[in-house]
1. Work out from phi, with θ = phi - 60° and the Karplus expression 6.51 cos²θ - 1.76 cosθ + 1.60, the ³J(HN,Hα) of each residue of region 435-440, listed in order in whole Hz, and give x for Gly and Pro.
2. Excluding residues fewer than 8 places away in the same chain, name every one of the lysines whose C-alpha is closer than 19 Å to that of K211.
3. Net charge near V205, counting Lys/Arg +1 and Asp/Glu -1 over other residues with Cβ under 13 Å of its Cβ?
4. Place the peptides 254-261, 427-434, 464-471 in order of packing, highest mean first, counting for every residue the other Cβ atoms within 10 Å and averaging per peptide.
5. Are there DSSP H segments in the chain that both extend 24 Å or more along their axis (alpha-carbon positions) and score a mean Kyte-Doolittle hydropathy of at least 0.0? List them, or say none.
6. With both partners inside the chain, how many of the DSSP beta bridges are antiparallel, as a percent to the nearest 5?
7. Show me 447-458, 106-117 ranked by packing, highest mean number of other Cβ atoms within 10 Å first.
8. Computed from the coordinates I sent, Rg and Dmax of the Cα atoms in Å equals one of (1) 23.2, 79; (2) 28.8, 94; (3) 25.3, 88. Tell me the label.
Amino acid sequence: MSFNGEKIKNTIGAVLGFIAFIVFIYIIRFAMGNDVWYDEVFSLSFAEHNFSDITALTSRDVHPPLYYCYLKVAESLISKLSGYANIIRVAKIASLIPWAFLFILGITYIRKHFGTLTFGLFMLLITVMPQIPSYYLEIRMYSLALLFITAEILISYQILTNLDKKNNLAWTLFFLIGILTAYTQYYACIAIIGSYIGAFLLLVVLKGQKKADNLVRLVVCSVLSVICYLPWLPVLSSQIANISGKYWIQPLTLRSILGCIKFIILPIVYFGKMPEISAGLLIFALAVLTIFFFMKAKKGDYILIVCCLMPIIIVVVSGFILSALGTPIFVYRYLVPTLGGLWLFVSFMVNKVSDKKLFLLPLIIPMLLVGTLNMMGLRTEEGGKLTNMRASDEALSQIPEGSVIITNFDHVCAVMAYYRPDCKVLLYENEIDKLLPDMLGNIQDNVTDANIVTLIESGNENVYFWGSFNSREEIVASWESLGINNKLLHNILIERYWINVYKLSGV
């Protein structure tokens, strides 16, 4: 049996692309939940403000403003077109939209320039591989940044493989998408810097009659990008100063490199040793694939290597540099926007070596196994959220308007303040992010035992404690000694937070 024929490769690619589309439709069902977590509260709250206020609020946060502006526009359009009233679902759909544009890029540019097999496998990998599908559902900027960086990679490849053409449109898009990405997320901005570095290195090495002209265009794009980013640099400096030395992220070590690899290839599922086995098989398949690929690689292939991999390389390197400088602000999820380039390159390598006899399927099977296990994990996690949120919605609806809700965890405090803007939400003996009271208006932090005793003695009949962690039992026990009774009403899961709901009352 031989896989030499282009027709067979194209058929396999089309099937893989169709499977990717079906899987994406399946993922959409998980966007129908009403669950949010701490970071998503910021996204949803920012998007409720006008564009000027969004910029002002994000200047006090740790991200640039473009995603929140996108979210605001997307929410408005989706709500009008679909009639959805649930803004959480609408916001989740907004995070799904970038996949549709990735599919358009795949079925047009990638299929035309790299083949149907590359297109189909690429779409499947960026739909099912570890970590990625979860971020199509999260109300954050990762899926949008994934689209932008993947587009930037394709544009840079288009430029660098056509040096003797004018490419004015391509250079314009290279600049525009780059600056949009820079205003979307800071590590996405670093990935774009990686694309600029890769383009510069290749322009130095490659030959062409208009090589100098293209170097000038790259310099012009770089200068314009800096000029366009200058208004935000004071804000960036202030944000770095605010988080330096006190941010929660741990410094990177050499083990972090293995952590990055694990993040990218280990499926998130509880299924015995199968996740580790599948990841091991995938590493072996990728190693074999890489060896055979480099045995027959040509000049144009090396251009694609640099375009695809430089963003992720620069992101990881910069994470280590910033950590060494005392500002550890890198977490593994910041790799997500760069994974389009990684899996595009893997898909291209598979297509390149697929003329080997009986070679194509053995290379793809470990990828399919990892992706299948990862989707099983996604179904368990996101399906569990849908199921548990039904009970949680009921518990939320039973809290009367005007109630007082006490929490002992800042994340739960923020989530409850968002869900119930008609209630006063108090954070017990802890501080909340200073942005949240300004955004939500119904939060008070650093509440003490004395404050709670006064609240109960005032005769308020609707005081609830939404307790997190094991400390909640200790807290209600200590309140009993102060004359505050409690009644356990619910044990619920909201997104990733297990909560005991108590009703408090006086003796």
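1. Couplings: 6, 4, x, 5, 7, 9 Hz.
2. K165, K166, K299
3. +3
4. 464-471, 427-434, 254-261
5. 6-28, 87-105, 142-160, 186-205, 211-229, 274-296, 299-324, 360-397
6. Restricted to the chain, the bridges split so that about 55 percent are antiparallel.
7. For the peptides 447-458, 106-117, the packing ranking is 106-117, 447-458.
8. Working out Rg and Dmax of the Cα atoms in Å from the coordinates points to (3).
The values are calculated or read from the model by the stated rules, or taken from the named source; none is laboratory data. The shown structure was predicted, so the numbers you read here are calculated from the model rather than taken from an experiment. Ideal geometry is used to build each Cβ from the backbone, glycine not excepted, and the neighbour counts take in all protein chains shown. Ligands, DNA and RNA are excluded from the accessible area calculation, which covers all protein heavy atoms including side chains. Shrake-Rupley method; radii C 1.70, N 1.55, O 1.52, S 1.80 Å.
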